[in-house]
1. Which GluC sites (Glu not before Pro) from segment A:20-109 combine a DSSP loop assignment with at most 16 other Cβ atoms within 10 Å?
2. As an exercise, find the ratio Rg/Rh for segment A:267-418 from alpha-carbon atoms, using the Kirkwood inverse-distance average for Rh.
3. Treat each spin label as a single point 7 Å out from the Cα along the C-beta direction, and report the A:A344 to A:R365 distance in nm.
4. Pick out, from A:P300, A:A347, A:A336, the residue whose Cα sits farthest towards the positive end of the charge dipole of segment A:295-381, with +1 on the Cβ of Lys and Arg and -1 on the Cβ of Asp and Glu.
5. With every protein chain present, what is the per residue accessible area of chain A (1.4 Å probe, Å²)?
6. Rounded to whole Hz and in sequence order, give me ³J(HN,Hα) for segment A:324-338 from the Karplus expression 6.51 cos²θ - 1.76 cosθ + 1.60, θ = phi - 60°, writing x for Gly and Pro.
7. Among A:A438, A:I466, A:A452, flag the residue with its Cα farthest along the positive direction of the charge dipole of segment A:430-478, charges on Cβ as +1 for Lys/Arg and -1 for Asp/Glu.
8. Taking all protein chains as present, what is the carbon and sulfur share of the accessible area of segment A:320-395, in % to the nearest whole number, probe 1.4 Å?
Amino acid sequence: MAEIQLHNTLAGKIEKFVPQKAGEVRMYTCGPTVYDYAHIGNYRTFVFQDILRRFLKLRGFKLNHVMNLTDVDDRIIANAAAAGKSIRDYTEKFVQAFFDDCRSLSIEAPEHWIRATDHIDDMVKLIERLQQKTFTYPSEGSIYYRIAKFPEYGKLSKVDLTGIQAGARVDNDRYEKESARDFALWKAPKPGEHFWETPIGPGRPGWHIECSAMAMKFLGDTLDIHTGGVDLAFPHHENEIAQSEAATGKPFARYWLHAEHLLVEGEKMSKSLGNFYTLRDLFGKGYKPSALRFALSSVPYRKQLNFTFDGLQQAASSVERLRNFADRLKQGKFPAGKQKGMAARIAKAADEFDAGLSEDLNTARALAAVFDLVREANIAMDKGEFRQGDVSAAQEFLATFDKVFAVMEDNDGEKLRALGFGRPESGPGDTEIDKLVAERNAAKKKRDFVTADRIRKELADRGIIIEDAKDGSVRWKRK
RNA sequence: GGCGCGGUCGCCAAGUGGUAAGGCAAAGGUCUGCAAAACCUUUAUCGGCGGUUCGAUUCCGCCUCGCGCCUCCA
């Protein structure tokens, strides 16, 4: 197997990945802020994180992966207040929607899915530690982080501090700060706002402190991997580093991975441009979850992904090709024995697949390896050279592929129905289909093609595709 | 202005100092009662200009275009 290489934002280059403890990976990924439904741009990042965790697992690492749910911030407080709900009640709906969305995209549950509001105490304790080390100062009931005391500030995002200091936006927070670049660890409550009564005073946590506190609580002072979208590198991750390392004196995370953004039709996705999509928007238009997952994962994560409906359609066709191949493998009848060349081809494809993913998660390269094998095996089948003994090796390869990409299982219909989309009736059952297929075969034998075609048409209208194979066998699949 | 990502076939996209993977789409063909699936064939000189080199899409410089961050936005 190839050496795993990952692009580390901290180093500014691709590095060999070596976890602190052999065989184990401690990973923290920034999850959604649950003030609304997450959009496909968010899911680009979450799918990337999923590919990463799945690949690490495939390579045998024991994973401890924490993903946070930010369930307290300005928008949540404002929206909850407007809705006359508690923060918990307001966010619950979006938390559940997020879980549902993740299931639809086959995003695995991390080892820990945690909510910020469940860890206020841990944040307070971390702030107290920073207070003791005089990295903080109070101002109008809030507590700020004094960046001037952390000389390494900017090492992740390479921001030019002098530039920021000269910036005009000094007081957007409406609080007094010593320096423009200082950020709030703890925010004093505004009138009527929800707050927590704590040893450091009443208020609510600043945005960055939750990740530092929760990551270190679950994973220890030094994480192996920390990821998020590129926009989080500054200020969010930079501030996490400042908080955590000031408190512990140790490196906070060893590898920082940042996913590039998704564009829609070449433009930044935004509500004002009308190109803002949630998963529900797309599923409502009839697109399949597997197609979306494929589209989001086929472009390597460090490259901006231009999302288009044409592209989504292309992804659907690509998935279709792969599933057709898997069906052919499963249902086809091949001569007994093994073909020496084919075994070698499969092994080569598996190597190349692994090499692709090992190279900073080069999903495009990994996919090419899969499609190469599909074509080669199809050719062998057409020539009658593919043997029964090659089936299991090919299937194993596809299974390995799918452990990471997770698009092979034909369950889009179920997933859509689970989210309330698609037809409630689930189409004809297997026995009914088999019966109709048998009737059609009988008709075909009598060369009664009118009846045969009528049955095929009827089934097609009910979502069943029938294919006659060369050897006279018939296979069917649900559309 | 600073920092970062990127401009490769109609669309998506990989990649290398020695004349460019893969997917989708299109056209033609093989197979098929018809279809579907599959297969075959056809479709690029890599944003522009210089430089280094025997040779650059790949290295360097400049330019240009797109996008992002630098204001709690994945």
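The values are calculated or read from the model by the stated rules, or taken from the named source; none is laboratory data. Computed from a prediction, not measured in an experiment: that's the story for all the values here. Using ideal geometry, Cβ is built from the backbone for each residue, glycine included, and neighbour counts are taken over all protein chains shown. For the accessible areas, the whole protein counts, side chains as well, though only heavy atoms, and no ligand, DNA or RNA atoms are used. Shrake-Rupley method; radii C 1.70, N 1.55, O 1.52, S 1.80 Å.
1. Numbers: sites: A:E24, A:E92, A:E108; in loops: A:E108.
Qualifying residues, ordered by number: A:E108.
2. Result for segment A:267-418 is an Rg/Rh of 1.04.
3. 2.4
4. A:A336
5. Ligands and nucleic acids excluded, the result is 46 Å² per residue.
6. Calculated HN-Hα couplings, in order: 4, 5, 4, 4, 4, 5, 6, 9, x, 10, 10, x, 5, x, 10 Hz.
7. A:A452
8. Exposed carbon and sulfur together represent 52 percent of the surface.
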